[in-house]
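Next up is a structure, given as structure tokens.
Throughout, read-outs are computed from the coordinates displayed, never taken from laboratory work. Predicted model only: the values in this text are computed from it and were never measured. Here Cβ is always computed from backbone atoms with ideal geometry, including for glycine, and neighbour counts include all displayed protein chains.
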Amino acid sequence: MKNVMEKSMNWYNFIKQSMPLPKSTGIPEVPDDPRFEDWGKHNWYTVDLLERNLADPSGLEEKYPDLQYLGSGAYGVAYDIMQNAEQSGHVLKVTKDISEWTSGNRIMELQNQLGGQLPNIATIYDVQKLQDETDDPDKPYDVYAIEVEQAEQLAQVPNELVGFLRWFFTIHLRYLRGNPQEVAPKAWDFILEKAPNNYGKGAEEKLKSFEPIFADVFSKYFDMASTLVDMGFSISDSHGDNVGIRHGTEEYVIFDFGEMA
Ligand SMILES: Nc1ncnc2c1ncn2[C@@H]1O[C@H](COP(=O)(O)OP(=O)(O)O)[C@@H](O)[C@H]1O
Ligand SMILES: [Mg+2]
């Protein structure tokens with residue numbers, strides 16, 4: 001086991017030195033880093049893939065000299081931008097997802113039109129394309145960088161509840177036009193119906209943990225989802241790992257723009 005570990009670490013360091021993501025602290029080291037057990041928040045494959053794909057991180061390193069690894073999903077790696085007062089509280093996301101570029105530009109246009117911060121959408125400060133797709137099989141992808149407002153991540157129980165609400169509202173989109181007071185019991189029934197299949201024997205326990213926060217989480221999620229749909233965005237990826245709380249408020253914001261357009 002030790003040999004395998006050493007080997008993978010050497011291999012990883014080799015890759016890292018040859019084709020790195022921007023310099024940062026806290027970047028997960030090896031595939032069996034315990035953080036990767038936190039499924040949804042850390043994705044080894046993405047970290048590794050972007051590591052090998054981004055040809056030249058020097059522009060990013062100059063602009064963001066003090067990055068700290070925050071998380072990774074199916075397409076991107078996110079960093080806390082630590083440095084100066086102007087950018088602290090912002091997140092840098094490096095992603096190979098072209099739809100983040102498309103949605104990101106649209107969101108920035110809306111911010112300009114409507115005079116700044118949008119409700120329920122993390123503010124975008126900058127979107128750039130770092131490199132174009134190439135025919136080189138080792139570096140084939142477009143890579144983009146987005147600087148975005150940092151949100152407070154959801155705790156585990158609200159995160160799971162938000163996952164169910166996303167599921168419910170993507171099936172019953174029209175309920176977002178309804179009265180939230182009347183829709184809430186339907187959403188709760190949906191969760192009651194789905195929980196046994198999702199959690200097996202743990203379902204009852206899980207539902208007990210949902211119950212006291214359901215009304216609060218539901219009303220915040222309803223507000224966010226109806227605002228997004230009113231603005232013409234899709235809520236299809238608004239699950240608990242892509243939604244957070246706007247600092248200093250109670251408001252839910254989406255910060256992963258991948259599936260929004
Ligand atoms: N603006 C943000 N505020 C707080 N955490 C963030 C932010 N952006 C990303 N993260 C963290 O990084 C993870 C991956 O970022 P995300 O934008 O969801 O990437 P992906 O498109 O790969 O899913 C998120 O699940 C979250 O834990
Ligand atoms: Mg995500």
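GNM, the chain, Cα, under 10 Å: largest mean-square fluctuation among GLY89, GLY104, GLY232?
Evaluated over the chain, the most mobile residue of the options is GLY232.
Additional query: Can you tell me how region 156-239 classifies by the Cα gyration tensor, rounded, prolate or oblate, using a/c under 1.5 as the rounded cut?
It comes out prolate by the Cα gyration axes.
Among GLY76, GLY244, GLY200, whose mean-square fluctuation peaks in a Gaussian network model of the chain (Cα, cutoff 10 Å)?
Per the Cα network of the chain with a 10 Å cutoff, GLY200 tops the list.
Separate question: Can you list which of the GluC sites (Glu not before Pro) found in region 221-261 are DSSP loop residues with at most 16 other C-beta atoms within 10 Å?
GLU250, GLU251
Which of rounded, prolate, oblate describes region 53-121, given a ≥ b ≥ c as roots of the alpha-carbon gyration tensor eigenvalues and a/c under 1.5 marking rounded, otherwise prolate only if a/b is larger than b/c?
Oblate, since a/c reaches 1.5 and b/c is not below a/b.
Something else: Can you pull the one-decimal nm distance between simple spin-label points at ARG35 and LYS208, each 7 Å off the Cα toward Cβ?
3.4 nm
Could you sort 52-61, 161-170, 29-38 so that the peptide with the highest average Cβ count within 10 Å comes first and the rest follow in order?
Packing proxy ranking, top to bottom: 161-170, 52-61, 29-38.
Which whole-angstrom value gives the distance between the alpha carbon centres of region 184-254 and region 52-115?
26 Å
For the chain, just say rounded, prolate or oblate: build the C-alpha gyration tensor, square-root its eigenvalues into a ≥ b ≥ c, call rounded for a/c under 1.5, and beyond that prolate if a/b exceeds b/c, oblate if not.
oblate
In addition: Given R₀ = 35 Å, what would the calculated FRET efficiency be for LEU110 paired with LYS194, taking r from the Cβ atoms and rounding to 0.05?
Rounded to the nearest 0.05, the efficiency is 0.55.
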